Amino acid sequence: MEVSFSKEVQSLRLGAGETFHGEGIVAVTKALLQSGVAYVGGYQGAPVSHLLDVMVQAEPYLRELGVHVQACANEASAAAMLGASIHYPLRGAVTWKSIVGTNVAADALSNLSSPGVTGGVLIVVGEDYGEGASVIQERTHAYALKSSMLMLDPRPELSNMVRMVEAGFALSEASNMPALMELRIRACHLRGSFVCKDNIAPAFSTAQPMPEPAAFDYARLAHPPVTFAQEKRKVELRIPAAQRFIIENGLNERFEGRHTNVGIIVQGGLHNVLVRSLQQLGLADAFGASEIPVLALNVTFPLVPDELSAFCAGKQAVFVVEEGQPDYIERDILATLHRRDVQTRIHGKDLMAATGEVTVEMLSGGLASFVEQHLPEQATQAVRGWLRGNTQRREQVARELARTLGTLLPARPPTFCIGCPERPVFAALKLAQQDVGPVHVAADIGCHAFATFEPFSSGHSILGYGMSLASSAGVSPLMQRRVLSVMGDGGFWHNGLLTGVQSALFNGDDSVLLIMKNGYTSATGTQDIISTPDDEAKARAPDKQQSLVDRNTTIESTLKGLGVQWLRTVHTYRVAEMRKTLEEAFTTPFAGLKVIIAEGECQLERQRRIKPWIAGLLKRGERVARVKYGVDEDVCNGDHACIRLSGCPTLTLKDNPDPLKTDPVATVIDGCVGCGLCGENAHAATLCPSFYRAEVVTNPTLVERFVEALRAPARRWLQIQ
Ligand code: SF4
Ligand code: SF4
């Protein structure tokens with residue numbers, strides 16, 4: 001990847017007494033080293049990609065410490081890596097995006113949790129829930145419950161997050177349970193500071209390897225008959241040990257307040273939202289000190305019955321702030337208090353929406369209802385007025401839009417980057433379907449999923465990362481026309497090769513697979529994969545403007561080795577050729593799996609790569625030509641077919657300069673990277689001839705200056721005619 005994390009890598013070297021300044025996720029990364037972690041792995045995904053990205057780039061320093069870093073093929077391989085901690089006193093940490101990553105890792109997690117761990121295990125999951133989330137709305141908490149794993153949800157404040165990483169390892173060792181640490185998007189990107197400790201080189205490491213393997217111990221396998229004893233141990237030994245450790249080490253935090261007849265129990269990760277909501281109600285000061293007693297759960301599984309009942313006892317009512325559904329924590333608290341005959345009224349989901357991210361607005365409404373019932377002397381008019389005002393403002397905007405536009409503003413979905421190599425493929429698919437008819441499209445996870453939005457609206461289902469071809473296995477034999485599965489190179493290596501290609505070949509599936517070979521796992525931050533062109537290839541490239549992905553043919557050779565007989569590689573920007581190849585795949589008499597590799601380097605990564613190169617050329621006064629496309633407004637007929645076929649954000653509309661025409665004309669605004677799709681589409685779809693290609697030349701050659709000196713007067717003459 002071309003992004004540099006040198007500043008973050010530098011911060012990992014800070015020693016005792018020095019102050020770290022930066023993002024939450026980098027603080028957690030530093031805390032892993034302060035905890036003596038011996039190995040780190042994971043699979044990238046927002047919002048925790050930084051952890052692995054920084055660790056991978058810090059490899060030379062980690063080698064000094066003896067810490068092993070593994071960029072895993074998927075979350076299952078990351079979870080399986082934790083098996084090192086079953087026998088050995090090795091602290092291990094892995095990371096991925098949840099819930100989807102945890103689903104992929106589930107098998108290994110069950111097999112890890114059953115025998116339990118010796119060395120502490122921390123699984124840092126990016127809890128991608130709520131506004132801005134890109135995955136299914138489910139809670140990782142369910143995995144902690146079913147597999148008996150610890151669930152940490154640290155209050156978002158850097159010192160506390162660091163403390164919880166260190167405590168998480170110790171808690172894991174004290175209870176033999178692996179620990180999940182959920183970090184929401186806001187916690188990962190929260191900025192702050194903390195006072196560092198020295199990093200700890202692990203006792204056993206790549207520098208000091210273990211001399212002998214552990215003795216054979218059947219009880220450490222997740223296999224009958226020992227699994228029955230392991231289940232008992234979870235309930236009778238491990239969970240009680242964890243509960244003792246939580247109390248003895250004060251892992252959960254209690255903040256006292258003057259209204260002692262009520263209280264709030266909050267997931268640690270939501271504490272900042274709670275404080276802001278209490279401020280709206282006039283129940284917390286500018287520094288976050290609450291007037292209502294608060295129990296912040298930095299550990300949300302297991303809960304500690306003694307701690308819960310001690311907090312609730314004597315209170316008239318307690319409000320539980322828990323995000324998402326099912327309300328595991330609230331139910332657990334209700335059961336605990338009922339069993340212990342604590343007569344405190346519990347509120348939570350009865351006063352607040354059961355689903356969606358807990359925002360300040362949502363929580364303020366719930367808390368206002370709670371306060372009105374149990375603190376009637378506390379005024380809530382101001383917060384009620386604020387909430388009413390928000391609702392009224394939204395309704396007013398909707399009314400205004402309906403009046404002026406006759407409709408609500410359309411949603412503005414995310415889309416491909418400008419110049420993305422994947423956009424042309426979906427333009428070609430649109431054109432191919434004009435000839436062969438509509439096809440069922442099994443979509444996948446990755447940048448190509450942007451094609452599910454307009455103007456392509458392509459994709460009938462998404463069943464998981466790398467699962468498109470596997471998901472077509474049921475529909476394909478029952479469909480008259482051939483089915484198309486789309487997958488990225490990231491998805492191909494993550495899962496698609498085995499679950500999709502291998503199964504399709506084994507079963508002789510007659511379907512079409514389109515693999516986007518852009519060279520990186522682009523959607524998660526352009527991390528490298530096995531088919532990424534290496535640095536040597538980049539350095540050897542005669543022209544840095546050239547796409548580099550065609551230099552690595554690992555995907556092609558893998559497919560051939562597996563037995564794929566119908567395989568075509570087409571450059572993505574060649575729309576007409578891609579259209580023809582798709583049509584051939586849909587209609588050829590060959591009845592096996594047909595694979596099209598759509599080759600084109602991720603534009604985001606390419607731009608990052610060539611930016612310093614261009615800056616160098618300009619600095620040296622050398623010639624640089626930048627390609628731009630444009631629309632001749634006098635020729636554009638205003639039917640906007642080019643926009644419906646492209647969706648490029650820089651190809652847009654402007655008022656028609658002809659006073660006799662009302663339809664707006666197409667225009668290319670600043671930002672066009674000259675990818676060439678406009679010209680290709682105009683050619684492949686036989687559009688109107690309004691597109692032109694121009695070169696913006698900086699530091700032109702003497703010949704170019706001479707030619708321009710001749711052209712300029714002629715152009716001026718033509719313009720005044
Ligand atoms: S990150 Fe790369 S592959 Fe993804 S949309 Fe942007 S240019 Fe396309
Ligand atoms: S050439 Fe067309 S599709 Fe490509 S970046 Fe420019 S406007 Fe967008």
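The values are calculated or read from the model by the stated rules, or taken from the named source; none is laboratory data. All values derive from a computational prediction rather than experimental measurement. Neighbour counts are summed over all protein chains in view; Cβ atoms, including those assigned to glycine, are modelled from backbone coordinates with ideal geometry. When the accessible area is computed, the model is the full protein with side chains, heavy atoms only, and any ligands, DNA or RNA have been set aside. Shrake-Rupley method; radii C 1.70, N 1.55, O 1.52, S 1.80 Å.
When only Cα pairs below 8 angstrom with a gap of at least 6 residues are kept, the chain shows a relative contact order of 10 percent.
Please state the shape class of segment 313-401: rounded when a/c is under 1.5, otherwise prolate if a/b exceeds b/c and oblate if not, all from the C-alpha gyration tensor. Each step should come with its number before you reach the end.
Numbers: a/c = 4.66, a/b = 1.78, b/c = 2.61.
Taking the square roots of the gyration eigenvalues as a ≥ b ≥ c, segment 313-401 is oblate.
Compute the label zone of Asn249 within segment 35-58: residues whose backbone N is under 20 Å from the point 7 Å along Cα-to-Cβ. Answer for segment 35-58: 35-40. One Cα centroid belongs to segment 392-460, the other to segment 354-390; the line between them spans 37 Å.
Return the loop-located chymotrypsin sites (Phe, Trp or Tyr not before Pro) in segment 231-329 (DSSP other than H, G, I, E, B) with at most 13 other Cβ atoms within 10 Å of their own Cβ; answer none if there are none. Numbers along the way, then the final one.
On the way: sites: Phe245, Phe255, Phe287, Phe311, Phe319, Tyr328; in loops: Phe287.
Hits after loop and neighbour filter: Phe287.
Magnitude of the charge dipole for segment 612-665, about its Cα centre and with charges confined to Cβ atoms of Lys, Arg (+1) and Asp, Glu (-1), is about 580 debye. Couplings 3J(HN,Hα) of segment 325-339, computed from phi: 10, x, 7, 4, 5, 4, 5, 4, 5, 4, 5, 4, 5, 5, 4 Hz, in residue order, whole Hz [Karplus 6.51 cos²θ - 1.76 cosθ + 1.60, θ = phi - 60°; x for Gly and Pro].
Sort Arg238, Arg163, Arg481 by heavy-atom solvent-accessible area, probe 1.4 angstrom, most to least. Walk me through the intermediate numbers first.
Values: Arg238 10, Arg163 75, Arg481 100 Å².
Most to least solvent-accessible, the answer reads Arg481, Arg163, Arg238.
Per residue, the average separation of C-alpha pairs within less than 8 Å and at least 6 apart gives segment 121-257 a relative contact order of 28 percent.
Between Tyr692 and Lys146, what FRET efficiency follows from the Cβ-Cβ distance if R0 is 60 Å, with the result rounded to 0.05?
Numbers: r = 61 Å, r/R0 = 1.02.
Efficiency at R0 = 60 Å is approximately 0.45.
Here the Karplus curve 6.51 cos²θ - 1.76 cosθ + 1.60, taken at θ = phi - 60°, turns the phi angles of segment 668-677 into couplings of 9, 8, 4, x, 4, 9, x, 5, x, 4 Hz, with x standing for Gly and Pro.
With a 1.4 Å probe and all protein chains left in place, how much accessible area per residue does the chain have, in Å²? Spell out each step's value before the answer.
Working: 32270 Å² over 721 residues.
For the chain, the solvent-accessible area averages 45 Å² per residue.
Expected output is a single nm value to one decimal: the length gained when fully extending between His223 and Asp655, i.e. 0.36 nm times separation in residues minus the C-alpha distance. What is it? The partial results should precede the final answer.
Numbers: separation 432, 0.36 × 432 = 155.52 nm, distance 7.08 nm.
This chain segment gains 148.4 nm when fully extended.
What GluC sites (Glu not before Pro) in segment 131-198 are in a loop by DSSP, with at most 14 other Cβ atoms within 10 Å of the Cβ? Counting only loop positions with at most 14 other Cβ atoms within 10 Å, the GluC sites (Glu not before Pro) in segment 131-198 are Glu131. Distances between placed amide hydrogens fall under 5 Å for Gly288 paired with no residue 5 or more residues away or on another chain.
At a 10 angstrom cut-off on C-beta neighbours, averaged per residue, how do the peptides 517-529, 396-408, 221-233, 358-370 rank from highest to lowest? Intermediate results must be reported in sequence, preceding the final value.
Working: 517-529: 23.5, 396-408: 9.9, 221-233: 13.4, 358-370: 20.5.
Put in order of decreasing packing, that is 517-529, 358-370, 221-233, 396-408.
Using the alpha-carbon atoms, what tilt in degrees (0 to 90, nearest 10) does helix 381-405 show relative to the longest principal axis of the chain? The angle comes out at about 20 degrees. Qualifying chymotrypsin sites (Phe, Trp or Tyr not before Pro) in segment 118-218, where qualification requires a DSSP coil assignment and no more than 14 other C-beta atoms within 10 Å, comprise Phe216. Using 0.36 nm per residue and subtracting the Cα-Cα separation, the extra length available between Asp535 and Thr588 on full extension is 15.2 nm.
Under a plain spin-label model, where a point goes 7 Å from the Cα along Cα-to-Cβ, how far apart in nm are Arg388 and Met479? Taking the simple label geometry, Arg388 and Met479 are separated by 5.3 nm. If you fit an axis through the alpha-carbon atoms of helix 702-720 and take the longest principal axis of the Cα set of the chain, what angle between them do you get, 0 to 90°, nearest 10? With rounding to tens, the tilt is 80 degrees. For Ala215 and Ile643, the difference between the fully extended length at 0.36 nm per residue and the C-alpha to C-alpha distance is 147.4 nm.
Evaluated on the chain, the Kirkwood hydrodynamic radius is 28.9 Å, with distances taken between all distinct Cα atoms.
Given the rule -39500 (n - 2.57) for each run of at least 4 DSSP H residues, summed and divided by the residues of the chain, what is its mean residue ellipticity at 222 nm, to the nearest 500 deg cm²/dmol? Display every interim value, and only then the final one.
On the way: 27 runs with 276 residues, N = 721.
Theoretical 222 nm ellipticity from helices: -11500 deg cm²/dmol.
Which one of Ser290, Cys312, Gln325 has its Cα pushed farthest toward the positive end of the charge dipole of segment 290-332, where Lys and Arg give +1 and Asp and Glu give -1 at the Cβ? Checking the options against the dipole of segment 290-332, the answer is Cys312. Taking 7 Å steps out from each Cα toward its Cβ at Val436 and Glu18 produces label points 5.8 nm apart.
With only Lys, Arg, Asp and Glu charged, each at its Cβ (+1 for the first two, -1 for the last two), find how big the charge dipole of segment 294-400 is about the Cα centre; round to the nearest 20 debye. Dipole size: approximately 280 debye.
Distance from the alpha carbon centroid of segment 62-76 to that of segment 199-245 works out to 21 angstrom.
Dipole of segment 569-623 computed with +1 at Lys/Arg Cβ and -1 at Asp/Glu Cβ about the Cα centre; of Gln607, Ile596, Thr572, farthest Cα towards the positive end is Gln607.
Label zone of Arg276 (point 7 Å out along Cα→Cβ, amide N under 13 Å): in segment 154-187 this covers 156, 185-187. Across segment 384-513, Cα pairs under 8 Å and at least six residues apart give a relative contact order of 21 percent.
If you take all other residues with their beta carbon under 10 Å from the beta carbon of Thr581, and give Lys and Arg +1 and Asp and Glu -1, the sum is +2.
Set the bar at 32 Å for Cα to Cα. Now go through Lys430/Lys661; Lys197/Lys517; Lys611/Lys661 and name every pair that lies beyond it. Going by Cα-Cα distance, Lys197/Lys517; Lys611/Lys661 fall outside the 32 Å limit.
Can you tell me the FRET efficiency between Thr404 and Ala289 if r is taken as the Cβ-Cβ distance and R0 is 51 Å, rounded to the nearest 0.05?
Details: r = 46 Å, r/R0 = 0.91.
That gives a FRET efficiency of 0.65.
Shape class of segment 59-180 from the alpha-carbon gyration tensor: rounded, with the ratio a/c of largest to smallest axis under 1.5. Phi angles of segment 127-132 translate, via the Karplus equation with coefficients 6.51, -1.76, 1.60 and θ = phi - 60°, into HN-Hα couplings of 7, 8, 10, x, 4, x Hz per residue; Gly and Pro are given as x. Taking the Cα centre of the chain as reference, the dipole from Cβ charges on Lys and Arg (+1) and Asp and Glu (-1) amounts to some 860 debye. The Cα center of segment 149-178 and the Cα center of segment 569-623 differ in position by 45 Å. Between the listed residues Leu33, Ala353, Pro664, the Cα displaced farthest toward the positive end of the dipole of the chain, a dipole computed from Cβ unit charges relative to the Cα centre, is found at Pro664.
Taking amide H as placed 1.01 Å from N in the peptide plane, Glu599 has its amide H under 5 Å from the amide H of Lys517, Val570, His571, Thr572, each at least 5 places away in sequence or on another chain. Between Arg626 and Arg339, what is the spin-label point distance in nm, taking each point 7 Å from the Cα along the Cα→C-beta axis? Rounded to a tenth, the inter-label distance reads 6.7 nm.
In segment 51-151, carbon and sulfur make up what percent of the accessible area (probe 1.4 Å)?
Working: 1630 of 3030 Å².
Heavy-atom surface of segment 51-151 belonging to carbon and sulfur, 1.4 Å probe: 54 percent.
Take the residue pairs Lys97/Lys232; Lys7/Lys30; Lys234/Lys315; Lys146/Lys234; Lys580/Lys628 and return only those whose Cα atoms are more than 21 Å apart.
Numbers: Lys97/Lys232 31 Å; Lys7/Lys30 13 Å; Lys234/Lys315 32 Å; Lys146/Lys234 11 Å; Lys580/Lys628 27 Å.
Exceeds cut-off: Lys97/Lys232; Lys234/Lys315; Lys580/Lys628.
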